[in-house]
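These notes are about the structure you will find just below.
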Amino acid sequence: MSELLIKNGFVFDPLQGIRGDRMDIAVKDGRIVETSALQHPETIDASGMTVMAGGIDIHSHVVGPKVNVGRLFRPEDKLFKSPLKRCNRMEMGFSVPSTFKAGYDYARMGYVFVNEAAMPPLHSPHVHEEIRDTPIIDNAAMPVFGNNWFTLEYLKNHEIENNAAYTAWLLRATRGFAIKVVNPGGTEAWGWGLNCENVHDPVPYFEITPAEIIAGLIETNEHLGLPHSVHLHCNNLGNPGNYTDTLDSLKLAEGYTPKNNFGREQVLHATHLQFHSYGGDSWGNFESRAPDVIDYVNSHDNITIDIGQVTLDETTTMTADGPFEHHLRALNNLKWANTDVELETAAGVVPYIYSPKVKVCTIQWAVGLELALLSKDLMRTFVSTDHPNAGPFIRYPRVITWLMSRAARDATMKTFKWLERTIDATSIDGIDRELDLYEIAQMTRAGPAKALGISNTYGGLAPGMDADIAIYALNPENMPENPEEIEKALSRCACLLKDGVVTVRDGEVLTEPPKRTVWVDVKVPENAQVQRDIYEHFLRYYSVNLGNYSLFEEHLFNPRVIEVDTTQ
Amino acid sequence: MPKRIENVGCPYCGVCCDDLVVTVSDDGKKILEVENACAIGNQIYHHATESERVRLPRLRQPDGTYKEISYDEAIDYAARVLYNAKKPLIYGFGSTNCEGMAAAAKVGEKAGAILDNCASICHGSSLLAIFDNGYPSCTLGEVKNRADVILYWGANPAHAHPRHMSRYSIFPRGFFTGKGHKSRKIIVIDPRYTDTARVADIYLQVKQGYDYDLFNAFRTVARGHEIPEEVAGIKREKILEVVEIMKNARFGTIFYGMGLCHTDGRNHNIDIAISLTRDLNDFTKWTIMAMRGHYNITGPNQVWSWQYGFPYCLDLSKRDIAHMNPGETSSIDLAMRGEIDAFFNVATDAGAHFPIEAVKELRKHPWITIDPNICMASEISDLHIPVGIVGVEVPGIVYRMDNVPVQYRKVIDPPEGVISDEELFERIYQRLCELEAEDAAKERVKTTAEGIPAED
Ligand code: SF4
Ligand SMILES: [Zn+2]
């Protein structure tokens, strides 16, 4: 069909160790091929520009019920007009964009794969409806397990095989991708208006601790050999002094080694670590403990993280951490939505303004950057804003600019009302490190693809991989003096190829190639007990029938299935 | 052999029972038996195959009668009406699937229409309160498994949502509520002594129109302040007693209906109900839920929120930005002001539900009804396009009153030739694109014929 040659760009592909070499990338029929395989290619001149694989977002809330609560209950999030050229569909929303806008905006930034961070299993048809309406980008979605009654009951008795069989069943039922854990145990406690504040605080009635849930799920994950690892949102998010709870959670991964056929090297992904790296014991003496946390991560290579960078915007927080959102509502007294989901999880949504005039917010800003800049392995440290929790994903270019430029950080810090206190409470002012484009490619492509176990298809430019390629008008040999130019170039890529189709040109979306739903299908041995448990729980406790719970095939949009067979 | 189909979702009320068992005749054409449904649900199914159905679109003739036309002709007519209208209104959607709503939005966006749903005349006031104050809620299974105090306020499920109490709230035995009814306290607040009030442990006959005051009293007491001897017709001791019960609940849910969101105070009633729920969460766990009427009236709120960020009253006429301002962009207000110049009544009956003045205004312009059934709207239309009945003849996703998506099935084929809402809107969309392209081509011919403008 089509042949394309991207000529003369500076190519960054950490998966192959390519560090800005000037070379050509060949594309044929949607895949990357050897240049020798082309006969009469069209060429794209990338000279003086940066060429990377399409971006991978490992943690973003873009589709599903709580995202939609955020849209529905915040009309004020739409009081502006998109300045961009009109695409096929209207684009609405700032911190919680419409599905169409999310797809277009990710594409404009050169992203091709977005992993939805939390899917309540009962609501999986909703998640898949929104995936259908999110153009261009491929999506996966992680069902939440950390407060699921089946999981709690199996792990309480340390029945790993049963838990694994249930996990496989739920991944298939929801067409899910990985094991997500949010405030393990705490969200179930929230069913009674309570919480689990540390990893040893037992879950009411279920008599299991968060620590046991986390360890049990890591074991389950490695028993199954899933592409991704356990993806953990730790207990006690957002509170002063929580870094000790975070370290307690991370330590649970000690002794576990990854077992999988997907090139994944971690057993635990700790998400939006910024929210979990705080010292002090009140908002008065709130301070950064990012160095302690990232030191631990640096010395334990079975852990990956994403930063959850605060962008200093007005945004909408949303998480399956129900008790946290309730707590936040008391702090800022804004409107509060909550949905507890039977047997499974909960979700809260509260608007939030991260202001450069508020000390806690500017310390949070510094914490995220410290984590990245003090990291010794950027193949294990990823860019995220926990969209939209710490800020909207359209700020990634700004986050990257902060990481690449001390001058950009200084310019932002000049706007802080409590600059001195922010500097005192963090180490940000002592950090001169400026990341280069190779390191950015690690944090936004190669690293997350590897951690998700999809680096044979996404995140790199080796022959055989999907031809998802982003070209940015950035010359690594002559980077712009003005950091704002970096942000601009990353916001609107010069060109994006999705599956070999020229999708974005000069920052404008030209076309909408078919997007995919990526999910993981695990084959496990027959397990009569688990089947019976599922049958009984649905009969007695669920409010929908078992026969209507699993996603009907007709509601799964353009699937790409990753198969795992544990019976071999 | 007749065929038994299990796990069938009922396309009538917001309870969205998905445990129906429908027996279909050998040839798959007739519904023989419906198990588990309430009387209303039962009726929907039998009506589908027992009554005379409209099988072709019908176009009004100069003599006032209807003439059958083909779907192609009807689609062309509908597309031209949209194409020529300045401010068409596409309204309804209480009784169709989300796929149809998504397709209709595509049409509305292309046509620069107003897109609105039945929330505009029912729970729109709830949505206004949610915009201001949020919505601490839960799924119905949570209520079943945990709730030990249930409060129905201005709602009469015994009639409007027949299986609500047995499936979710009062009677079921759940995980932490193994004793069923015995493990729960039921409070009903309503100016009328309804059949729901009959099953209550405590019934408060609030004075008509004084709901806000009663909520205010509850909040005041919950926060530890004094209240007068009597508020809203309820004695102080009674109010103190109820607040005590609420504060001591392990898990409580307020279910409210149109009796609250459509009486004096409207969105303010809901606002303070939400505030009370917030307050109670300082003591224990409380949740609140609107008793949404039709089985998928929650659907358009969901679908259009993810597509545009607004649940109802969407003005898409500005083409590159959607705008919502109930009062300005709401169906009835637009109709009354005579701003609408074409009307699409979809999966509802505006003929029966809209005020007569609004109907009169709308009737001055083309009125197209898209609905499986003959209803008041279809009988005053210029064009009636029949579609398959969702949940009976057309599968799809619907959202229950607690926003849980339920996957509905089809149990029989639609009458021969009859298409779904989704297919219909997709085809209207295609036709709109063609009309646009034809016009663009004509424009091109015109401009080339007229030569190059002077300033070039
Ligand atoms: S309660 Fe409502 S959804 Fe259930 S069977 Fe009756 S009408 Fe149908
Ligand atoms: Zn998150």
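The values are calculated or read from the model by the stated rules, or taken from the named source; none is laboratory data. Quantities reported herein were computed from a predicted structural model and do not represent experimental measurements. A quick note on method: Cβ atoms are made from the backbone with ideal geometry, for glycine too, and the neighbour counts reach across all protein chains shown. These accessible areas exclude ligands, DNA and RNA; they are computed on the full protein's heavy atoms, side chains included. Shrake-Rupley method; radii C 1.70, N 1.55, O 1.52, S 1.80 Å.
Structure notes:
- The residues of region A:525-556 listed by number as losing at least 20 Å² of accessible area in the complex, against the isolated chain and with a 1.4 Å probe, are A:Arg540, A:Tyr541, A:Ser543, A:Val544, A:Asn545, A:Gly547, A:Asn548, A:Phe552, A:Glu554, A:His555.
- In this structure, the residue pairs whose Cα-Cα separation is over 20 Å, taken from A:Lys66/A:Lys450; A:Lys66/A:Lys101; B:Lys29/B:Lys410, are A:Lys66/A:Lys450.
- Reachable lysines from B:Lys67, criterion Cα separation under 21 angstrom, eight or more residues apart if same chain: B:Lys364
- From phi via Karplus (6.51, -1.76, 1.60), per-residue ³J(HN,Hα) for region A:119-127 in Hz, x at Gly/Pro: 10, x, x, 4, 9, 4, x, 5, 4
- Prolate/oblate/rounded label for region B:124-290 (Cα gyration tensor, a/c 1.5): rounded
- The Kirkwood radius of region A:219-296, taken over pairs of alpha-carbon atoms, gives through the Stokes-Einstein law at 10 °C and 1.306 mPa s a diffusion coefficient of 119 µm² s⁻¹.
- For the pair A and B, the buried accessible area comes to roughly 5400 Å² in total, with a 1.4 Å probe and the value rounded to the nearest 100.
- Of the chymotrypsin sites (Phe, Trp or Tyr not before Pro) found in region A:84-154, no site is in coil according to DSSP while having at most 15 other Cβ atoms within 10 Å of its Cβ.
- Of the solvent-accessible surface of chain B, computed with a 1.4 Å probe over protein heavy atoms with every protein chain present, carbon and sulfur atoms account for 50 percent.
- Residues of region B:283-299 whose accessible area, computed with a 1.4 Å probe over protein heavy atoms, drops by at least 30 Å² once all protein chains are present relative to their chain alone are B:Lys285.
- Measuring r between the beta carbons of B:Val445 and A:Asp506 and using R0 = 45 Å, the FRET efficiency lands at 0.90.
- Antiparallel bridge percentage (DSSP; both residues within the protein assembly as shown; nearest 5): 45
- Shielded residues, region A:328-355 - accessible-area loss of 30 Å² or more between chain alone and all protein chains, probe 1.4 Å: A:Arg329, A:Lys335, A:Trp336, A:Asn338, A:Asp340, A:Glu342
- Global geometry of region A:284-326, whether rounded, prolate or oblate, following the gyration tensor of its Cα atoms and the 1.5 cut on a/c: prolate
- Rounded is the label for region A:57-452. Its Cα gyration tensor axes, ordered a ≥ b ≥ c, give a/c under 1.5.
- 17 Å Cα-Cα reach of A:Lys357 towards aspartates and glutamates, excluding residues that sit fewer than 8 places from it in its own chain: A:Glu287, A:Asp313, A:Glu314, A:Asp410, A:Glu420, A:Asp424
- In chain B, the alpha-carbon atoms span a convex hull of 171 Å³ per residue.
- Restricting region A:1-83 to chymotrypsin sites (Phe, Trp or Tyr not before Pro) that sit in a DSSP loop and have at most 14 other Cβ atoms within 10 Å of their own Cβ leaves A:Phe80.
- With 23 Å as the limit on Cα-Cα distance, the pairs of A:Lys81/B:Lys110; A:Lys259/A:Lys515; B:Lys86/B:Lys106 that go past it are A:Lys259/A:Lys515.
- Accessible carbon and sulfur surface of chain A relative to its total accessible area, %, 1.4 Å: 47
- Taking only Cα atoms of the protein assembly as shown, radius of gyration then Dmax in Å: 28.8, 91
- Counted charge near A:Ala441, where neighbours are those whose Cβ lies closer than 11 Å (Asp, Glu -1; Lys, Arg +1): -1
- In the full protein context, region A:57-452 carries 25 Å² of accessible surface per residue, based on a 1.4 Å probe and ignoring ligands, DNA and RNA.
- Expressed to the nearest 5 percent, the antiparallel share of DSSP beta bridges inside region A:224-378 is 70 percent.
- Helical runs assigned H by DSSP (4 residues or longer) give the protein assembly as shown a calculated mean residue ellipticity at 222 nm of -9500 deg cm²/dmol, each run adding -39500 (n - 2.57) before division by the residue total.
- Two-decimal Rg/Rh across region B:3-50, once Rg and the Kirkwood Rh are taken from alpha-carbon atoms: 0.94
- DSSP-assigned coil residues among GluC sites (Glu not before Pro) in region A:471-568, each with at most 15 further Cβ atoms within 10 Å: A:Glu477, A:Glu481, A:Glu526
- Rounded to 0.05, the FRET efficiency of the B:Asp279 and A:His40 pair, given R0 = 60 Å and the Cβ-Cβ distance, is 0.25.
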